[in-house]
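For reference, the structure is listed below as structure tokens.
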Amino acid sequence: MIGGLFIYNHKGEVLISRVYRDDIGRNAVDAFRVNVIHARQQVRSPVTNIARTSFFHIKRSNIWLAAVTKQNVNAAMVFEFLHKMTDVMAAYFGKVTEENIKNNFVLIYEILDEILDFGYPQNTDTGILKTFITQQGVKSQTKEETSQITSQVTGQIGWRREGIKYRRNELFLDVLESVNLLMSPQGQVLSAHVAGRIVMKSYLSGMPECKFGINDKVLMESKGGKSGQDEGRGGASSTKTSIAIDDCQFHQCVKLSKFETEHSISFIPPDGEFELMRYRTTKDISLPFRIIPLVREVGRQKMEVKIVVKSNFKPSLLAQKVEVRIPTPLNTSGVQVICMKGKAKYKASENAIVWKIKRMGGMKECQLSAEIELLNTNDKRKWTRPPISMNFEVPFAPSGFKVRYLKVFEPKLNYSDHDVIKWVRYIGRSGLYETRC
Amino acid sequence: MTDSKYFTTTKKGEIFELKAELNSDKKEKKKEAVKKVIASMTVGKDVSALFPDVVNCMQTDNLELKKLVYLYLMNYAKSQPDMAIMAVNTFVKDCEDSNPLIRALAVRTMGCIRVDKITEYLCEPLRKCLKDEDPYVRKTAAVCVAKLHDINAQLVEDQGFLDLLRDLLSDSNPMVVANAVAAISEIMDASPNAASVLEMNSGTINKLLTALNECTEWGQVFILDSISNYTPKDEREAQSICERVTPRLAHANAAVVLSAVKVVMKLMEMLDTGGDYVTSLVKKLAPPLVTLLSAEPEIQYVALRNINLIVQKRSEILKNEMKVFFVKYNDPIYVKLEKLDIMIRLTSQSNIAQVLAELKEYATEVDVDFVRKSVRAIGRCAIKVEPAAERCVSTLLDLIQTKVNYVVQEAIVVIKDIFRKYPNKYESIIATLCENLDTLDEPEARASMIWIIGEYAERIDNADELLESFLEGFQDENTQVQLQLLTAIVKLFLKRPTDTQELVQQVLSLSTQDSDNPDLRDRGYIYWRLLSTDPAAAKEVVLAEKPLISEETDLIEPTLLDELICHISSLASVYHKPPNAFVEGRGGLRKVLPPKSEQAEGLVEELGAQEPTAAPPQPTVIPGADSLIGDLLDMDMGSGPSMMQQQMYPAQPAAPTPAGGSGGMDIFGEGLDNLLGGGSTGGDMLGGLGDIFGMPQTQSYVPPQEVWLPASKGKGLEITGTFARKNNQINMELTFTNKAMQPMSGFAVQFNKNSFGLMPAQVINIRTPLPPNQSASTSLPLNTQGPIQKMEPLTILQVAIKNNIDVFYMSTHVPLHVLFMEDGEMDKKIFLATWKDIPSPNEVQYTINNVPHNADTVSSKLRNNNVFTIAKRNVEGQDMLYQSLKLTNGIWILAELKIQPSNPSFVLSLKARAVDVYEAVKQVYENILHN
């Protein structure tokens, strides 16, 4: 299991060091600094073995988190834990920076003591941790309070405490999708997939049981013909009725065995915000944008670039925060850009032309042309032409994902499904959205 | 004065100040001071001097302060064991506190203080906490048992904590169960004694599967990892476990997913391969694996390393998912390299066009390693997918045109392999390759180019000039290049003997006389002699048709692969090495995949396949360029020390001189023959070669099989067995006889630690089920890499045999001669020196009676068992044989055998530095000579 956990700043100074196992000594702290942080070559692997000691590291801006072990540990678990650890820290004191870590080091030790025991990860749910690890010294708790805490930490429903009350029972569902695309210069889709997340904010009293319905092909087919009729009322004939989800994953509150056998998503949600589900689709994705690049090298000192962006969704919808990033060669000396819509700028420090369009309607087309002047260099190697990338946000789900229902049952308290106010929102964002040129 | 004075003074002052603050009356000030102490501790300052003052702060009802003091204690208790005792009282008191959080904190911390005196006090509180009413305390106590076991395993076993821990597996709280499982797994790994108490059975597995649905993500990982160590008793149980584990594949935590994959991959071995259920499992595995590739890059990396294994084991799982492994521009380099590996493994005729387009794209990227690997990948595609070979070659040619130095070199290396796979097909491109001769500066590329020139010498007009140009800097070249150059020039000579004699003469003398490298020198001699004795034979040997190289290179060796599959998700799977390669000490058991279940086995048998695990027979194809035969004949690109490094024959007394003076017309005439030591050399040489190539050794002594396990003790299973050494390999010959009423199956063998580290090199391969009243024999290869413990007597080997009925233990004697090494022949001089060197008290004499042989048969008999006669003397009518032998653990034993012609009793004197082995060696002599 994990033998020790260290946090360093970018200089390699130790900010936090917690050793769990006897086989990890102080010299391990230095070994990682010398061999990884101060290594001259760029790190080639997130796992490093130095003198029979294995170091797992992740980096958050300038901060290095390293878990150390001498045993054959579960590597996936160690990385999952390190990421969870940063989430917990972020939930407590915001961004994980050197400043914040130094200011909260006592708190961090306290957390580390709780979430890792002898190197075994324990409950890392921030909601629960916050009930008994607080920054304001602990007031003496009553017996009921402490036993409630301990039953939550270890409980079967470790993510929700009892006795939650709201005057208004309300829930928010965000369907957040990120569209990933790799397209060839000729417009052929090399790979495309949507990574979706359902984020739920629940403000519900008691221990509500929720049932969640989506338009997944498999789930709907297993429900028989009845659901087919439900779909009819949607009216929008262009949208598909069901989609093929390649794979989905759920928050630990979802009863996986029930999903496997009955194809239903049922759960008792944590209080507040959490990620209910993740999914991935690869079929029939409606790509919101297409880029048509035209790059021409005119002699050794000049390049001409012409980029056309086409939006491909209902004209009534508006895309926001559209940004196209066109890489330029390292020996660029000057750039002239003309664009019809939005603003485009050459950013020398980023070696790219950045073209921003605040809003763009569906079924539109915009164009940018640029002339790039190049310096003469001796460098024989050809410029490798990194792909043109794009960022955007659209108010629909490119995968065609639809929430069909979310029913709430709370048998003990007297509110019914109809009394719960429900909100659903769809946002499609760009993931890695690249077109080769 | 230097600045250091400020340093020391401030430090002194600081400690002093902290001391005062720690003893302050004000609570706030105290807390601040402890915080400062912890901060200093973190950055590595030594604040152990404050121990008593900090411990004084321990008794407080402020939980935060208490935690800080505990943290300090854990760090420094070891350096101040006596003072640490001061803390014991508080701990014991805290373990009784009404607040469960404090009880748990106390027991958690106490387990981390590794001071013997404290552990004694820990036992009672721990026992109480294991039965605490609060689950939070119980889950903490469960882990504490593992901590205590790490400090003092004996104590844990004596105090009965193992039973208490096992009871926790039935706890009502899932997190307690999960932590108990984690603790049990660790304890079982560390100590084999505990393993017997904590062994899992189907009942406990059932409890775990129930807890699985309810515990935290981490708990699920512990449970799944533990289940993966369990071997179900039959196919039905395996399937039911699979059914209950597969829902975990949809978990958001990658570790849960991968651990579930591990369990399923392992249990699939037991299921009927062609069955619907396996097909549905295979379908279920792909999506979650693909999803892992959208996780954080570090997790992607772990996933990719594991996918690499999974694809090698069961390629069908991801065969349709090629696209997800396409490299993204912003992927970290470690993800890119791993993806590339998997892409090549998944390449097939159906997706080759896409793959090739991608690879071409990658070859223009920035990172040198990545580009090289991409170029190499194109070559591997050509070898793997024949119809696409032409496209691959033209892609490689395009890349060579870029003139980017490392791209060109890499391309040439792979083109060499393509030539070997498709002989006489793409030679038209040789001209293009030759254009780039000057830019090659890496040994592997140079060697490859030289190989190409040598192989196709007849088609390259100026081959002699090209090779000659390389020869100029011969001494400065890398060995790999030198060897290639030597071979290439010999090939050239055999193809165009008329105008290349001078060249071959030159290279032979360079390799044999001017080089210190034994590989090169020996290869030079071999060629020289071949050419001089029989040029026609030389032609047949050197220009022999080479076996084709196989398409799959760098596959992991199957037994290692199976072991790694059992370690999916762990570090071993990331390193692609077995755990004992990077974990110290504890030589934990090797994990092996479960044997195929009976039903599946039966099916295979019906189909007529005798060995279900046998590798596909491919007689003409050798696995990759670095196979042994390939090496000796021709190639040693990048391979490790080859067979050549063994000294093939003693150094030549008279080194051949260049025959320049004789006009060079007939350099392989008699003059040279004489120089080389006469006409008989050729014959001797062949004998020598026979040895080198590992010609089957003549019969070594195999003792008759003995009954090791009588049926009465084996619940109907009778085992007879013996040991044999065949072709450098120790084998345990076993015959199983089923004298019971029911069929037997599920055989497994394990050895206890023994004097020579013997352990099975593979899983026992025996036909199951074994029907009543039938026997089956098998030969189990052993190696000597197991854990070592000196036994009394030395040769004893304790073996445990398991079958579907029970586990049986038996004790056998290993005849020492199976441990005699093939290289046990000592040089005469060294023998003499060693004999003198070993003090005479170490010498022991035995008499061996009634030997029906003379000196020569004795020495040949012993020779067959790797006892080497180094010298023979005749002193006053009696023969004296001086012999040496070497054990697998490197111990040398010298012997003197006195034989009188008329007397059938021989006198054996033994000398060795380790006297314990004498008795066993004598036994061997007895056995062999009386046989």
(message) Two decimals, Cα atoms only, Kirkwood Rh: what is Rg/Rh over the stretch B:271-422?
(response) 1.01
(request) Note down the Stokes-Einstein diffusion coefficient of the protein assembly as shown in µm²/s, whole number, using a Kirkwood radius over alpha carbon pairs, 37 °C, and 0.692 mPa s. (result) 89 µm²/s
(request) Mind listing the long-range amide H neighbours of A:Gln122? Cut-off is under 5 Å, sequence gap 5 or more, other chains count too, H placed in the peptide plane at 1.01 Å from N. (result) A:Leu116, A:Asp117
(request) Take the Cα coordinates of the stretch B:25-75, assign each an equal point scatterer, and use the Debye formula without solvent to give log10 I(q)/I(0) at q = 0.32 Å⁻¹. (result) -1.49
(request) In Å and from the alpha-carbon atoms only, list the Rg and Dmax of the stretch B:409-483. (result) 11.6, 34
(request) Compute the projected area of the convex hull of the Cα atoms of the stretch B:389-531, averaged over all viewing directions, and report it in nm² to one decimal place. (result) 8.1 nm²
(message) Need the C-alpha centroid separation for the stretch B:507-566 versus the stretch B:164-219, integer Å.
(response) 54 Å
(message) Could you tell me the ratio Rg/Rh of the stretch B:799-931? Both radii from Cα atoms, Rh via Kirkwood.
(response) 1.06
(message) Could you work out [θ]222 nm for chain B from helices alone, using -39500 (n - 2.57) per DSSP H run of at least four and dividing by all its residues? Round to the nearest 500 deg cm²/dmol.
(response) -15500 deg cm²/dmol
(request) Could you work out how far apart the two model spin labels at B:Asp461 and B:Asp499 are, taking each label as a point 7 Å from the Cα in the direction of the beta carbon, and quote it in nm? (result) 1.0 nm
(message) Just to compare against my own numbers: the Cα pair-distance distribution for the stretch B:70-163, 5 Å bins, whole % per bin, please.
(response) 3, 15, 29, 25, 19, 8, 1, 0
(request) Could you bin all the Cα-Cα distances of the stretch B:187-228 into 5 Å bins starting at 0 and give me the percent of pairs in each, rounded to whole numbers? (result) 5, 22, 26, 24, 16, 6, 1
(request) Sticking with the crude label model, points 7 Å out along Cα→Cβ, report the distance from B:Gln475 to B:Val43 in nm, one decimal please. (result) 5.8 nm
(request) Could you work out the per residue convex hull volume over the alpha carbons of the stretch B:339-432, in cubic angstrom? (result) 81 Å³
(request) Starting at the first residue of the stretch B:498-504, write each ³J(HN,Hα) from the Karplus equation 6.51 cos²θ - 1.76 cosθ + 1.60 with θ = phi - 60°, in whole Hz, x for Gly and Pro. (result) 5, 10, 10, 4, 4, 4, 5
(request) Would you calculate a helix-derived [θ] at 222 nm for chain A, using -39,500 (n - 2.57) for each DSSP H run of n ≥ 4 and dividing by the full residue count, to the nearest 500? (result) -5500 deg cm²/dmol
(request) For helix B:918-930, report the angle its Cα long axis makes with the longest principal axis of the Cα atoms of chain B; keep it between 0 and 90° and round to the nearest 10°. (result) 40 degrees
(request) Could you tell me what % of all Cα pairs in the stretch A:257-330 have separations over 14 Å? (result) 79 percent
(message) Please compute the volume of the convex hull spanned by the alpha-carbon atoms of the stretch B:466-549 and report it per residue in Å³.
(response) 103 Å³
(request) With the cut-off at 15 Å, report for the stretch A:1-79 the share of all Cα pairs above it, as a whole percent. (result) 49 percent
(request) For B:Lys739, list long-range residues whose amide hydrogen, built 1.01 Å from N in the peptide plane, is under 5 Å from its own amide hydrogen. (result) B:Leu717, B:Glu718, B:Asn773
(request) Using a cut-off of 15 Å between beta-carbons, work out the net charge of the residues near A:Thr154 (Lys and Arg +1, Asp and Glu -1, A:Thr154 not included). (result) -4
(request) With everything on Cα atoms, drop me the angle between helix B:254-268 and the longest principal axis of chain B, reported from 0 to 90° to the nearest 10. (result) 60 degrees
(message) Give me the net charge for the shell around B:Thr439: Cβ to Cβ below 11 angstrom, other residues only, Lys and Arg +1, Asp and Glu -1.
(response) -2
(request) Express the Stokes-Einstein translational diffusion coefficient of the stretch B:22-124 in µm² s⁻¹, to the nearest whole number, given a Kirkwood radius over alpha-carbon pairs, 20 °C and a viscosity of 1.002 mPa s. (result) 156 µm²/s
(request) Helix by helix through chain A, keep the DSSP H runs that span 24 Å or more along the axis on Cα and average at least -1.0 on Kyte-Doolittle, and give those back in order. (result) A:75-93
(request) Add +1 for every Lys or Arg and -1 for every Asp or Glu among the other residues with Cβ under 9 Å from the Cβ of A:Gly428, and state the total. (result) -1
(request) Using only Cα atoms, tell me the angle between helix B:333-346 and the longest principal axis of chain B; keep it within 0 to 90° and round to the nearest 10. (result) 60 degrees
(request) Taking every Cα atom in the stretch B:177-265, find the radius of gyration and the maximum pairwise distance Dmax, and write them in Å. (result) 12.4, 37
(message) What distance in nm separates the two pseudo spin-label positions at B:Ser902 and B:Glu706, each 7 Å out from Cα along the beta-carbon direction?
(response) 3.8 nm
(request) Starting from the Kirkwood radius over alpha-carbon pairs of chain B, derive D by Stokes-Einstein at 20 °C in a medium of 1.002 mPa s and give it in µm² s⁻¹. (result) 63 µm²/s
(request) Could you work out how far the C-alpha centroid of the stretch B:824-873 sits from that of the stretch B:875-924, in angstrom? (result) 4 Å
(message) Could you tell me the extents of the stretch B:740-815's C-alpha atoms along the three principal axes, largest first, rounded to whole Å?
(response) 39, 21, 19
(message) Please list 3J(HN,Hα) in residue order for the stretch B:383-390, calculated via the Karplus relation 6.51 cos²θ - 1.76 cosθ + 1.60 where θ = phi - 60°; whole Hz, with x for glycine and proline.
(response) 6, 7, 10, 4, x, 9, 4, 4
(message) Using a 7 Å offset from Cα along Cα-Cβ at B:Lys713, what residues in the stretch B:811-826 end up with backbone N under 12 Å from the label point?
(response) B:811-813
(request) Can you check what the Kirkwood hydrodynamic radius comes to for chain A, Cα pairs only, in Å to one decimal? (result) 25.7 Å
(message) Residues of the stretch B:877-917 with the amide nitrogen closer than 18 Å to a label point 7 Å from the Cα of B:Lys790, along Cα-to-Cβ, please.
(response) B:887-893, B:911-917
(request) On a C-alpha basis, how far is the centre of the stretch B:409-454 from the centre of the stretch B:230-263 in Å? Whole number, if you could? (result) 49 Å
(request) Treating cross-link reach as a plain straight distance, find the lysines whose alpha-carbon is under 19 Å from the alpha-carbon of B:Lys898, omitting any fewer than eight places away in the same chain. (result) B:Lys828, B:Lys836, B:Lys861, B:Lys872, B:Lys911, B:Lys922
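Read the figures in this text as sums done on the coordinates, not as results from a lab. Just so it is clear, the structure is predicted and the values come from calculations on it, not from any experiment. Note: ideal-geometry Cβ built from the backbone for every residue, glycine included; neighbour counts use all protein chains shown.
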